[in-house]
Amino acid sequence: MYFYGRIDPDIEKKSGGDFFAWALPLFICWYHPEPSLENFQAVFNSQSHASPLVKSRNYLLETFPSADKFDTDYGMFGGREELMVKTLVPSVDPNEEKLFSNKHVNRLTGEKKILTTKFPLCLPPILVARYCLNGILPHIGGFRKNPYAPGQYLWDHLCALIEAVTDESSLKRLRELVVKVLTYESDANFPVDNPTAVRLARQLKERYDNRDFSEAMLIVWDEENAKLGAV
């Protein structure tokens, strides 16, 4: 579509239809000639209902990250993943929503009414934890994935919502991640040949050292750090 500077009106009207899995905003951002948060936000704002945004976010965080074939330097979206996450998950409040209002005409009766759809600007805490850890822990654990795995950009969301995460599996995985990060410099088994793993571990360790997490998240890290010091 960017070869000609326009989108087929019929395809756009159907949010991409089968051609774009009804998730046209994702593909517009993917192929955008000038990727930026401002331009991606303009794509977001141009939508007239919530469905294509919901589908775009599902593809970004649920469908594509599970594919091992995106473990090259390009990843899936060539580094646009962070901008996409910022656009599609702009809030850390699971109750915050954007409303879309549309005129609807009943084909049988001709009755006109306004239909409202809602797009949650954040995700439930259980999904934030799952997606975030899935974007970081495999790298830290020595597995190769998309170097721009979108879940890694949900870390601040997880910090804000950690007290609301009740899923024991996610909480256990979080503590596993914390230990791996705290010991990455001395752990002989740490995947030092994986630049993404090194980058993520260094970033998280530096942020912890600077106390740049929420108080609730710092408690988790402090507890694991204390256990390591007692060994």
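The values are calculated or read from the model by the stated rules, or taken from the named source; none is laboratory data. No experiment lies behind these values; they were computed from the predicted model shown. Positions of Cβ are backbone-derived with ideal geometry, glycine not excepted, and every protein chain shown enters the neighbour counts. To get the accessible areas, we keep the full protein, side chains included, count just its heavy atoms, and leave off ligands, DNA and RNA. Shrake-Rupley method; radii C 1.70, N 1.55, O 1.52, S 1.80 Å.
Here's the yes/no breakdown for (1) under 21 Å from LYS227 (Cβ atoms); (2) aromatic (Phe, Trp, Tyr):
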{"site": "HIS139", "(1), (2)": "no, no"}
{"site": "LYS145", "(1), (2)": "no, no"}
{"site": "TYR148", "(1), (2)": "no, yes"}
{"site": "GLY151", "(1), (2)": "no, no"}
{"site": "LEU154", "(1), (2)": "no, no"}
{"site": "HIS157", "(1), (2)": "no, no"}
{"site": "LEU171", "(1), (2)": "yes, no"}
Does THR166 meet the test of being surrounded by fewer than 18 Cβ atoms within 10 Å (Cβ to Cβ), of a type in the set (Ser, Thr, Tyr) and either within 18 Å of PRO125 (Cβ to Cβ) or in contact with a Phe, Trp or Tyr (Cβ under 9 Å, 6 or more places away or on another chain) (or both)?
yes
Out of the range 203-223, which residues are more than 20 Å from the chain's Cα centre (by Cα) and either in a helix (DSSP H, G or I) or of a type in the set (Gly, Ala, Ser) (or both)?
LYS205, GLU206, TYR208, ASP209, GLU215, ALA216, LEU218, ILE219, VAL220, TRP221, ASP222, GLU223
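For every residue, the table says whether it meets (1) open to solvent by 50 Å² or more (accessible area, probe 1.4 Å); (2) touching a helix residue (DSSP H, G or I) at 6+ places or on another chain (Cβ under 7 Å); (3) modelled with pLDDT of 95 or more.
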{"site": "LEU115", "(1), (2), (3)": "yes, no, no"}
{"site": "LEU127", "(1), (2), (3)": "no, no, yes"}
{"site": "TYR131", "(1), (2), (3)": "no, yes, yes"}
{"site": "LYS145", "(1), (2), (3)": "no, yes, no"}
{"site": "GLY151", "(1), (2), (3)": "no, yes, yes"}
{"site": "LEU154", "(1), (2), (3)": "no, yes, yes"}
{"site": "LEU158", "(1), (2), (3)": "no, yes, yes"}
{"site": "ILE162", "(1), (2), (3)": "no, yes, yes"}
{"site": "ARG175", "(1), (2), (3)": "yes, yes, yes"}
(1) surrounded by 15 or more Cβ atoms within 10 Å (Cβ to Cβ); (2) in contact with a strand residue (DSSP E or B) (Cβ under 8 Å, 6 or more places away or on another chain): which one isn't true of GLY135, the others all being true?
(2)
Per the list (1) part of a loop (DSSP other than H, G, I, E, B); (2) under 16 Å from the mean Cα position of the chain (by Cα), residue check on LEU161 breaks on (1)
For the range 81-103, name all the residues that are part of a strand (DSSP E or B), out of contact with any Lys or Arg (no Cβ under 7 Å at 6 or more places or on another chain) and hydrophobic (A, V, I, L, M, F, W, C).
PHE100
Going by what's in this entry, would CYS122 be described as at pLDDT 95 or above, farther than 30 Å from GLU185 by Cβ and either not in a helix (DSSP H, G or I) or not aliphatic (A, V, I, L, M) (or both)?
yes
Being open to solvent by less than 20 Å² (accessible area, probe 1.4 Å), over 15 Å from GLY151 (Cβ atoms) and not hydrophobic (A, V, I, L, M, F, W, C) is the filter here, so list the residues in the range 28-86 that pass it.
PRO52, SER56
Right, THR72: part of a loop (DSSP other than H, G, I, E, B) and polar (S, T, N, Q) or not?
yes
From the set of residues in the range 178-197 that are in a helix (DSSP H, G or I) and among the hydrophobic types (A, V, I, L, M, F, W, C), which is nearest to GLN152 (Cα to Cα)?
ALA197
